[in-house]
Structure formats: structure tokens, C-alpha cells
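In what follows, a structure is listed as C-alpha cells, so that the remarks can point back to it.
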Amino acid sequence: MSPIKLRGSGETISDLLRRAGYIITLSCGRGVCGGCVVLAAGKLDLPSRKEKAVLDRKAVSPVNNFAPRLACACRVLGEAEVITQGGAETAASLVSGVVPDYDGFERYALGIAADIGAARLVLELHSLTDKAILARKTGPNPAAAFDRNALENANHSEQSAEPRGVLHAKLWEMMESALLEAKVFADDVRRVVFTGGPVVLELILGGTSGGLSGEYFRADRIFPGLTHADIHAPQGITANAGACAACGLYAADCLNKPGVSLFVDAGTNCKLALIQDKKILCASVDAGPALEGARITRGMPAAAGAVRHVRHTGYGLMCDTIADAPPVGICGSGLISAARLLMELGELDETGYLETDPYELGNSGIHIHGRDIRALQSAKSAVAAGIGALLETAGITADTPDRLILAGGFGNSLDAGEAAAIGLIPKALRDKTVYIGNASLLGAVMSMYSLTARREIAAMPNNAEEISLTDNPVFIQLLRERMAFKSF
């Protein structure tokens, strides 16, 4: 395979590969298993003692000036090249291809893609012509301060100035910050793509285009600084499984995979889909924001300093953080990992009772409270019950799917064994699970580069059927049963 060119300022190889459009699977994401060995050259940090020990165990030979490194641990400090396949070993498991080439006619063009989540916003600025990410910004969704009824009413009322205005202002603030960081001009932005749930996209676009996804309109109607850009919201799969689900399925290439695929985007509004023979059976469930680190004591998104994994050593509990920075909070994968470890230590029972409340994770200064466990319990039971109801509707069991594609803003890695242990996913799918991160944003990026991608996403509703879980008896029964912190 030809080397992949990367440019970074301290990000890991795995993070940069994802940003470049690769969906890379990490078995542990903690620099332990050695399953993400790549060959790399260029401006890289020096391997730690821990990474050297893993690489020695894997015994991968250098190729020319390319040395073996762990994609989840090695940090890129400038220009670098990476070979992800070569020789006898596949250095990293790439689930789908790269972002398509830009199909515009300009010699230089910028693009902005944003995932508008119920709790958080994630925005990327790309050079479309250079096929490179220039800046990435995250922040809270200010519309989360309004309840769902207020947002839905705002979409059908002239009194929508406040929720719509604060969201527009936050998005423009993030865009300006990204442009300033990259030292580029708003006049060069040609394409803007927003993905998210139906309610929030209607809130952004409703006063301008009727809120209909799949349409194009001038960006300066909302953002006066974008004078040469169009805004596009990809077509949603169904009324409830909106653009975020469509983009996620497209990014994961679910319709082209053999056998049966189960897709779960476990955000605040969890999107579920079962794909077989290019047919999509989908559902939505309100899981709450705990899995994204929101409304959790010391909770935070997947950013530097977030505890992403907790482990027990001979010296007590140790916290692994994103970017190996000092711990400042905990993200979704860290909360799942902490719950699993507390179960193992006997501090957390099946009912969700926390013996020591709050419980400090080692000497990190991060405490887990009983209310955090309850939030996780509610989220994981909703996701697990939704999976069960979807499988029941399809007439199959948990061991039937050939793969579970798990997406969402948990962190930069997720241990499927820990997710199964707390009862988030079926144990039968533990070894079939692929965690792909923010697939919704990646799908938006792909549709930003390619009009063909937009057309293919728009065709998804032709093969989709949605089931309602609101009064589904199987879902209601499983919602109670899956509250227990145990595998199923």
C-alpha cells in the first residue's frame, strides 16, 4: 500500500488517520495489545518505554526508513508518512475507504463540516483542494438549554429567535475560530455541510430553506461572512433516523458489506440500524447524554485530559487519558471503563448501587458519583433494549449479525469487552464489535467533498424501514431488564 501523508501537531497517528477519512479499528486503544502497528516515517515523537516493549513483542521489521510504531500511541509532530498495510502483517484494520476527491472546479477551496449533536457540536475545516483538515473545533450545543418541546415549537413559530439565534451564533464562533487558527479566509469557503437529528437541523435551517434536508441554499443567509458558500444538509433515512444516521451508515459503508451488520450510533438520541441485502431496518431511542460525557460530574467530551480508560495495577487504580495529558475530566469510554472496574472491585452491584459514593479513581482527583452511575445505567439500558427490540423485530438473535459497528462520541477508543460487561452491548457481539468514532461527521465530510456521495446518501430512504419503539412491548420489557449492570 502507498504511504499515507499526514500532518500533525501532537495528535496520534490513529486520530489523524480518522480525520483523513480512514476508519481505523483499535483493539485496545491503550498501547497494550499491539494490534495497531503501522510503519511510519517523518516527524514523530520518540517511542515510550511501554511502546518499545510492545513493539519488541510484535517483532515487526522496519522497511527502508519506515519504522514500526503503534498508531494509538505515536504522535505526529509535523509532516509524516504512514504505511498501514505491508508484508505479512496488516498494521491497521481499515473498515472503509478514504474520503473521496473534491469534485469542484476551483483551484483552491475550503469546506466546513459540522455534526450538530443534541449535547455537543463538532466542526472541521478542510482544504478541499489539498484534501487536508486544517482545524477542528468542539463545543457544547447551546440549544441543549432548551427542552425538546421548546425546540420543536420554535421550529413552527415566529418566536424562534432565541434558540435559533444562540445556535447560529455558536456555530459562527466556531467557524471563525477555525478560520483564524488555519490562517485562511472565509471567502474561500465553498461548501458547508451540517449533519444531525431532524429537530436540530430544522432549528438551524428552518427559517431559511423550510428546513428540508437534502436541499442547498446560500450560506450567507445565515452566516453573512460566508459569501461564496452553499449549505447542504444530507437526506435523512427516515423521519426520526435523520441525517446523522444516514451519514454514519454511509461512512461505515454498511450497505456494501456482506452478511448482516448491526449499526449503533450511541449518542443522546441513539440511532440503530440492521442492514442485510442492502435493506435497512432502523429505530431511534432517547439514551440521554451520559455516553458523550455530558451531565456527568467532571464529564467532558473526548479531548485532551479526558480519562478514557481505568485499570487496576499493583499500585492501585490508574487512569489513561487522551493525549496522556493530566486528568481534567472523564469521557464516555472512561465512564464505561470505570463502571466495569467498580463492578470487579465489588463497589458497584447489579442494581447500580455504589458502595463508596463518591469513589475517586486512584489519585486522579476524578470522582464517580452515584448519580453518574444512574445516568450511565439509564443510557446503557436504553441502548441495549433498543438493540434487543430491533433484533426481535428482524426475527434474529444476538449472535446472528456478522458485525456490530459502534459509533458515537465515547472517546478515541472503546473496549468492547467492557461495554459487554456492563450490559451495553450483547456479549455474543463482543468479539465482532468495531468502534469507528464519530461516523456521522465523517459521512458529512465525505458529502462535502463529493456530490456523488450526496446522491448516494439521498438514495438510502428507498431501502429503509423504521420501527417505533415508543410502545414496542419488547423494548419496554427489555428496558427494565437491561438496567442491571451485568452481561447479557
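Rule-based calculations on the coordinates, nothing more; no lab input. Computed from a prediction, not measured in an experiment: that's the story for all the values here. Every residue, glycine among them, receives a Cβ derived from its backbone with ideal geometry; neighbour counts consider all protein chains shown.
A full extension of the chain between TYR108 and ASP230 corresponds to an added length of 42.3 nm, given 0.36 nm per residue minus the alpha carbon distance. Net charge in the neighbourhood of SER378 (other residues with Cβ under 13 Å of its Cβ; Lys, Arg +1, Asp, Glu -1) is +4.
When the chain is described by a simple charge dipole with +1 on each Lys and Arg Cβ and -1 on each Asp and Glu Cβ, the residue from PRO401, SER284, GLY42 located farthest towards its positive end is GLY42. Think of the chain as having a plus end and a minus end, set by charges on the Cβ of Lys, Arg, Asp and Glu; of VAL260, LEU390, CYS319, CYS319 sits farthest toward the positive end of this dipole. Rounded to the nearest whole angstrom, the semi-axes of the ellipsoid equivalent to the stretch 181-333, taken from the Cα gyration tensor as √(5λ), stand at 33, 25, 15, largest first. Find the percent of Cα-Cα distances in the stretch 261-336 that exceed 21 Å, and round it to a whole number. Cα-Cα pairs of the stretch 261-336 separated by over 21 Å account for 43 percent. Rounded to the nearest 20, the size of the Cβ-charge dipole of the stretch 253-488 about its Cα centre is 420 debye, with Lys and Arg at +1 and Asp and Glu at -1. When the trypsin sites (Lys or Arg not before Pro) in the stretch 252-323 are filtered for DSSP coil states and for at most 13 other beta-carbon atoms within 10 Å of their beta-carbon, the remaining sites are LYS278.
Dipole check for the chain: with +1 at the C-beta of Lys and Arg, -1 at the C-beta of Asp and Glu, and the Cα centre as origin, the magnitude is about 900 Debye. Under 5 Å from the amide H of ASP230 lie the amide H atoms of ARG191, VAL192, ALA219, each residue being 5 or more positions distant or on a separate chain, with H modelled from the backbone and absent for Pro and chain starts. In plain terms, if you count all Cα to Cα distances in the stretch 224-292 and split them into 10 Å steps from zero, the share in each step is 19, 44, 23, 12, 2 percent. Counted without the sites themselves, the longest stretch of the chain free of GluC sites (Glu not before Pro) in a DSSP loop having at most 11 other beta carbon atoms within 10 Å is 159-349. When Rg and the Kirkwood Rh are both derived from Cα coordinates, the Rg/Rh ratio for the chain amounts to 0.95.
Positive-end ranking of ALA239, GLY165, LEU429 along the dipole of the chain, with charges on Cβ about the Cα centre, is headed by LEU429.
Spatial offset of the stretch 300-354 relative to the stretch 376-438 amounts to 19 Å, using the alpha carbon center of each. Computed across the stretch 253-488, the Kirkwood hydrodynamic radius from all distinct Cα-Cα pairs reaches 18.2 Å. A Cβ-based charge dipole, computed about the Cα centre of the stretch 316-399 with Lys and Arg at +1 and Asp and Glu at -1, lands at about 280 debye.
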